[in-house]
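Here's the structure we're looking at; comments come further down.
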Amino acid sequence: MKQSLTDTPTHVRLWHHEFWLLLLADLLLTAAVYMLVPVLPLWLMDTQSFSPAETGLSMGVFAVGLYLLGSQCSWLVQRYRRNVVFIWAVALQAVATALLWYIDSLHSEFVEFWVIMVQRLLMGAAFGLAQMVLSSTLIIDTCESFQRTEANYSAAWFSRFALSLGPLAALLVFGWFGFDRVVWAAAGCAVLSMLFIRQVNFPFRAPEEGVHVMSFDRFLLPGGYVLFANLLLVSMVVGLVMSLPLSATFYALLMAGFLLALLTRRFVFRDAELKSEVVSGLILLIGALLVMTGYPDSPVAPVLTGLAVGICSARFLLFFIKLSRHCQRGTSQSTYFLGWETGLALGIGMGYGLFYGQRMLLLYTAIGLAAAALLMYHLLTHSWFMRHKNR
């Protein structure tokens, strides 16, 4: 690795050792959150005697937490070293996760509803800040300017893999050892994420002057509301599906769908019309949901879901990048992250709070949302994006 006059790392290729550490940190950090998705609701209802409505609110309030520290993200990375901000945010996430183990150890007492609500808010705030710092600053600052789109794209895929690998690992650990070991595994993933980031050398960067404590910088892209709303609809569908009692096999096949999406984007959509990716992805998602209604145990449904989600979400990420100006790349990454995670948390919360025990009604609602997302993209979002893109 050579050093330029500005002390910015110069790499001959993107996939160097430190970039791999960043990607693995991203994977572990996201997996630490997704590991709780299939098992936390079971623990809340079976062990803590929460109602489905209380469980849904507990899962959904995570979305609110994502926004609590976002407006301070830019100020924090200017006031303190950006990797230190990440480490402290992940430490808070690990502590909030470990709190569940402490609650579980109090076998003679039932936890109060507000305690879980606060725990989920804290976890959402910590995860939101950590991911915004990682995607909008750390990954961007460790690669050359012409490599940044590929870097953001690759990091997003590692986060996407966690959507299958996290729940898959959690269900296996839960079946073998119980809920408390899942909690420790999730906290351990967060700690490993911190350790990987500590191995990366981030060059010194002088703080900017006049940075406000609260701002939209590295938080929300003001002009991206149409893309945000469309992505929100897509991720809500995925969240609804994840609120169903899914098996470890489902998540393993979901990963197969993600890998198929990678190949499809490279060989099928390489020279295709720009609009075709999202349209095809949403049609595949509707097809996967229809398969679930008639054949609940079909291996086709999770593969189609992974294929559809991989195609759609990857293209939405590139849309956010192209919508941003040069100085807004980090903000576009945070906005994409918030759109995806907000919809996912809201979908999971709705699945337990509104549709618990009503599989068919949930699936029909998911089909309706997916159809709405498809119509919105076809009639509004794509043409709006073509008029407003900056790259």
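The values are calculated or read from the model by the stated rules, or taken from the named source; none is laboratory data. Predicted, not measured: the structure shown is a model, and the values here were computed from it. Please note: Cβ atoms are built from the backbone with ideal geometry, for glycine as well, and neighbour counts cover all protein chains shown. To get the accessible areas, we keep the full protein, side chains included, count just its heavy atoms, and leave off ligands, DNA and RNA. Shrake-Rupley method; radii C 1.70, N 1.55, O 1.52, S 1.80 Å.
At a glance:
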item: Spherically averaged projected area of the stretch 326-391 from its Cα convex hull (nm²); result: 5.4
item: Carbon and sulfur %, accessible surface of the stretch 266-377 computed with the full protein complex present, 1.4 Å; result: 64
item: At R0 = 25 Å, FRET efficiency that the Cβ-Cβ distance of R79 and N201 yields, to 0.05; result: 0.75
item: Expected 222 nm ellipticity per residue - DSSP helices of 4 or more, -39500 (n - 2.57), all of the chain, to 500; result: -23000 deg cm²/dmol
item: More than 41 Å apart - percent of Cα-Cα pairs taken over the chain; result: 10
item: Gain upon complete extension [A53, V115; 0.36 nm per residue less C-alpha separation]; result: 20.8 nm
item: The stretch 260-361 - convex hull of alpha carbons, volume per residue in Å³; result: 109
item: Label point distance in nm, K389-H212, each placed 7 Å from Cα along Cα→Cβ; result: 3.1
item: Protection proxy ranking of 123-131, 280-288 - average other beta-carbon atoms within 10 Å, highest first; result: 123-131, 280-288
item: Packing rank of 57-63, 114-120, 367-373, where each peptide gets the mean count of other beta carbons within 10 Å, highest leading; result: 57-63, 367-373, 114-120
item: Solvent-accessible surface (1.4 angstrom probe) belonging to E150, in square angstrom, nearest 10; result: 90
item: Spin-label model distance (nm) - E150 vs I283, 7 Å beyond Cα toward Cβ; result: 3.1
item: Gain upon complete extension [L290, W176; 0.36 nm per residue less C-alpha separation]; result: 37.8 nm
item: Heavy-atom accessible area per residue - the stretch 286-376, 1.4 Å, Å²; result: 34
item: Where the stretch 59-113 is the region considered: accessible area per residue in Å², 1.4 Å probe; result: 47
item: The stretch 224-276, Rg to Rh (Cα coordinates; Rh as Kirkwood inverse mean 1/r); result: 1.07
item: Per-pair calculated FRET efficiency, R0 = 41 Å: H17 and L380 via Cβ, rounded to 0.05; result: 0.40
item: Difference of contour (0.36 nm per residue) and Cα-Cα distance, F267 to V95; result: 57.6 nm
item: Estimated translational D of the stretch 294-343 in µm²/s (Stokes, Kirkwood radius over Cα pairs; 25 °C; 0.890 mPa s); result: 196
item: Å² of accessible area per residue within the stretch 195-269, as computed with a 1.4 Å probe and no ligands counted; result: 51
item: Apportionment of accessible area to carbon and sulfur, the stretch 159-256, percent (1.4 Å); result: 69
item: W184-H326 FRET efficiency (beta carbon distance; Förster radius 35 Å; 0.05 resolution); result: 0.20
